[in-house]
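Q: Supplied in C-alpha coordinates, the structure appears directly below.
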Amino acid sequence: MGRDNITLGYELYTFLALLVIFFAVALRLRTLDAAGRVFLVLMVAGGIAALYGISQDFGWDPISPGEDGARSLGTFGNPIFFGAFLLMAVFATVAVALQARASGQTAMFVLAIVILGIELAGLWSTQSRGPLYGTAVGMIAFGV
(Lines give C-alpha, C1' and ligand atoms only; values in the text may rest on other atoms or scores of the structure.)
Protein backbone atom coordinates (compact mmCIF):
# COMPACT_ATOMS: atom_id res chain seq x y z
CA MET A 1 0.00 0.00 0.00
CA GLY A 2 1.55 3.30 -1.07
CA ARG A 3 1.72 6.54 0.85
CA ASP A 4 -0.24 9.66 0.14
CA ASN A 5 2.31 12.33 -0.81
CA ILE A 6 0.03 15.08 0.50
CA THR A 7 0.42 13.91 4.11
CA LEU A 8 4.21 13.56 4.15
CA GLY A 9 5.70 15.37 7.14
CA TYR A 10 2.90 14.65 9.60
CA GLU A 11 5.09 12.04 11.26
CA LEU A 12 7.66 14.70 12.16
CA TYR A 13 4.92 16.94 13.52
CA THR A 14 3.56 14.11 15.66
CA PHE A 15 7.03 13.23 16.93
CA LEU A 16 7.78 16.84 17.85
CA ALA A 17 4.41 17.23 19.59
CA LEU A 18 5.05 14.11 21.69
CA LEU A 19 8.56 15.36 22.45
CA VAL A 20 7.17 18.68 23.71
CA ILE A 21 4.65 16.83 25.89
CA PHE A 22 7.41 14.61 27.28
CA PHE A 23 9.63 17.55 28.24
CA ALA A 24 6.71 19.50 29.69
CA VAL A 25 5.83 16.57 31.91
CA ALA A 26 9.43 15.66 32.76
CA LEU A 27 10.44 19.20 33.71
CA ARG A 28 7.28 20.66 35.22
CA LEU A 29 5.34 17.83 36.88
CA ARG A 30 5.89 18.01 40.62
CA THR A 31 2.76 16.91 42.52
CA LEU A 32 0.45 13.90 42.49
CA ASP A 33 -2.54 16.14 41.71
CA ALA A 34 -0.77 17.49 38.63
CA ALA A 35 -0.01 13.94 37.49
CA GLY A 36 -3.67 13.04 37.96
CA ARG A 37 -4.70 15.96 35.75
CA VAL A 38 -2.23 14.92 33.04
CA PHE A 39 -3.56 11.34 33.15
CA LEU A 40 -7.13 12.61 32.97
CA VAL A 41 -6.33 14.73 29.91
CA LEU A 42 -4.58 11.76 28.26
CA MET A 43 -7.60 9.58 29.02
CA VAL A 44 -10.06 12.02 27.44
CA ALA A 45 -7.82 12.77 24.44
CA GLY A 46 -7.23 9.05 23.88
CA GLY A 47 -10.96 8.36 24.02
CA ILE A 48 -11.73 11.08 21.48
CA ALA A 49 -8.90 9.96 19.17
CA ALA A 50 -10.00 6.33 19.46
CA LEU A 51 -13.59 7.24 18.55
CA TYR A 52 -12.30 9.02 15.47
CA GLY A 53 -10.15 6.00 14.55
CA ILE A 54 -13.11 3.67 15.01
CA SER A 55 -15.19 5.91 12.74
CA GLN A 56 -12.44 5.62 10.11
CA ASP A 57 -12.55 1.86 10.43
CA PHE A 58 -16.27 1.95 9.60
CA GLY A 59 -15.71 4.39 6.71
CA TRP A 60 -17.35 7.36 8.46
CA ASP A 61 -14.35 9.68 8.31
CA PRO A 62 -15.60 13.25 7.77
CA ILE A 63 -12.12 14.60 6.96
CA SER A 64 -11.44 11.83 4.43
CA PRO A 65 -7.73 10.91 4.34
CA GLY A 66 -8.37 7.72 6.33
CA GLU A 67 -11.65 6.78 4.72
CA ASP A 68 -11.74 3.40 3.00
CA GLY A 69 -8.28 2.55 4.31
CA ALA A 70 -7.45 -0.91 5.54
CA ARG A 71 -6.09 0.49 8.82
CA SER A 72 -7.18 3.41 10.98
CA LEU A 73 -4.66 6.20 11.13
CA GLY A 74 -6.57 8.85 13.08
CA THR A 75 -5.26 12.32 12.41
CA PHE A 76 -1.68 11.08 12.90
CA GLY A 77 -1.12 10.17 9.24
CA ASN A 78 0.28 6.77 10.17
CA PRO A 79 -1.43 3.84 11.93
CA ILE A 80 1.68 3.03 13.97
CA PHE A 81 1.90 6.55 15.43
CA PHE A 82 -1.83 6.50 16.12
CA GLY A 83 -1.43 3.17 17.89
CA ALA A 84 1.54 4.47 19.89
CA PHE A 85 -0.54 7.40 21.13
CA LEU A 86 -3.38 5.08 22.08
CA LEU A 87 -0.90 2.79 23.87
CA MET A 88 0.14 5.76 26.03
CA ALA A 89 -3.49 6.73 26.60
CA VAL A 90 -4.48 3.18 27.59
CA PHE A 91 -2.05 3.13 30.50
CA ALA A 92 -3.07 6.63 31.58
CA THR A 93 -6.69 5.43 31.56
CA VAL A 94 -5.79 2.38 33.63
CA ALA A 95 -4.09 4.68 36.14
CA VAL A 96 -7.17 6.92 36.33
CA ALA A 97 -9.43 3.88 36.78
CA LEU A 98 -7.29 2.44 39.57
CA GLN A 99 -7.11 5.80 41.35
CA ALA A 100 -10.87 6.27 41.05
CA ARG A 101 -11.51 2.79 42.42
CA ALA A 102 -9.12 3.34 45.33
CA SER A 103 -10.77 6.64 46.25
CA GLY A 104 -14.31 5.27 45.87
CA GLN A 105 -15.33 7.38 42.87
CA THR A 106 -17.66 4.92 41.18
CA ALA A 107 -18.78 7.23 38.35
CA MET A 108 -15.19 8.08 37.37
CA PHE A 109 -14.24 4.39 37.56
CA VAL A 110 -17.08 3.39 35.22
CA LEU A 111 -16.25 6.25 32.83
CA ALA A 112 -12.59 5.24 32.76
CA ILE A 113 -13.48 1.61 32.03
CA VAL A 114 -15.80 2.64 29.17
CA ILE A 115 -13.10 4.91 27.70
CA LEU A 116 -10.55 2.11 28.13
CA GLY A 117 -12.75 -0.17 26.03
CA ILE A 118 -13.05 2.52 23.35
CA GLU A 119 -9.28 3.03 23.35
CA LEU A 120 -8.60 -0.68 23.04
CA ALA A 121 -11.06 -0.91 20.14
CA GLY A 122 -9.33 2.04 18.48
CA LEU A 123 -5.96 0.39 19.06
CA TRP A 124 -7.26 -2.81 17.45
CA SER A 125 -8.53 -0.83 14.43
CA THR A 126 -4.97 0.37 13.69
CA GLN A 127 -3.94 -3.25 13.03
CA SER A 128 -0.38 -2.26 13.96
CA ARG A 129 1.59 -5.07 15.55
CA GLY A 130 4.04 -2.88 17.47
CA PRO A 131 1.47 -0.95 19.52
CA LEU A 132 -0.66 -4.07 20.00
CA TYR A 133 2.29 -6.11 21.25
CA GLY A 134 3.47 -3.18 23.36
CA THR A 135 0.07 -2.96 25.04
CA ALA A 136 -0.05 -6.70 25.66
CA VAL A 137 3.46 -6.82 27.11
CA GLY A 138 2.79 -3.71 29.18
CA MET A 139 -0.40 -5.16 30.61
CA ILE A 140 1.40 -8.40 31.49
CA ALA A 141 4.23 -6.48 33.16
CA PHE A 142 1.72 -4.27 34.96
CA GLY A 143 -0.16 -7.32 36.20
CA VAL A 144 2.99 -8.98 37.47
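Q: Out of (1) more than 22 Å from LEU19 (Cα to Cα); (2) at pLDDT 85 or above; (3) touching a Gly at 6+ places or on another chain (Cβ under 7 Å), the odd one out for VAL94 is which?
A: With (1) more than 22 Å from LEU19 (Cα to Cα); (2) at pLDDT 85 or above; (3) touching a Gly at 6+ places or on another chain (Cβ under 7 Å) applied to VAL94, the lone miss is (3).
Here is a yes/no grid of residues against (1) open to solvent by less than 70 Å² (accessible area, probe 1.4 Å); (2) under 21 Å from TYR13 (Cβ atoms); (3) of a type outside the set (A, V, I, L, M):
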position	(1), (2), (3)
GLY77	yes, yes, yes
ILE118	yes, no, no
ALA121	yes, no, no
SER125	yes, no, yes
ARG129	no, no, yes
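Q: Quick check on this structure: which one of VAL38, VAL25 is under 15 Å from VAL94 (Cβ atoms), open to solvent by less than 80 Å² (accessible area, probe 1.4 Å), in contact (Cβ under 8 Å) with a residue 12 or more places away in the chain and not basic (Lys, Arg)?
A: Only one candidate passes the filter, namely VAL38.
Q: Residue check: is LEU111 without any contact (Cβ under 8 Å) to a residue 60 or more places away in the chain, open to solvent by 80 Å² or more (accessible area, probe 1.4 Å) and either assigned to a loop (DSSP other than H, G, I, E, B) or aliphatic (A, V, I, L, M) (or both)?
A: Judged against the criteria, LEU111 is a match.
Q: OK, next. Based on what the data block shows, is LEU19 at pLDDT 75 or above and assigned to a helix (DSSP H, G or I)?
A: yes
Q: Here is a follow-up. Mind checking which pairs have a first residue in region 122-141 that is in contact (Cβ under 8 Å) with a residue 40 or more places away in the chain and a second that is open to solvent by 70 Å² or more (accessible area, probe 1.4 Å) and not in a helix (DSSP H, G or I), Cβ under 8 Å, 6 or more apart or different chains?
A: From residues that are in contact (Cβ under 8 Å) with a residue 40 or more places away in the chain, the pairs are SER125/ARG71; THR126/ARG71; GLN127/ARG71; SER128/ARG71.
The values are calculated or read from the model by the stated rules, or taken from the named source; none is laboratory data. A quick note: this is a predicted structure, and the numbers were derived from the prediction, not measured. Note: ideal-geometry Cβ built from the backbone for every residue, glycine included; neighbour counts use all protein chains shown. Side chains included, ligands, DNA and RNA excluded: accessible areas come from the protein's heavy atoms. Shrake-Rupley method; radii C 1.70, N 1.55, O 1.52, S 1.80 Å.
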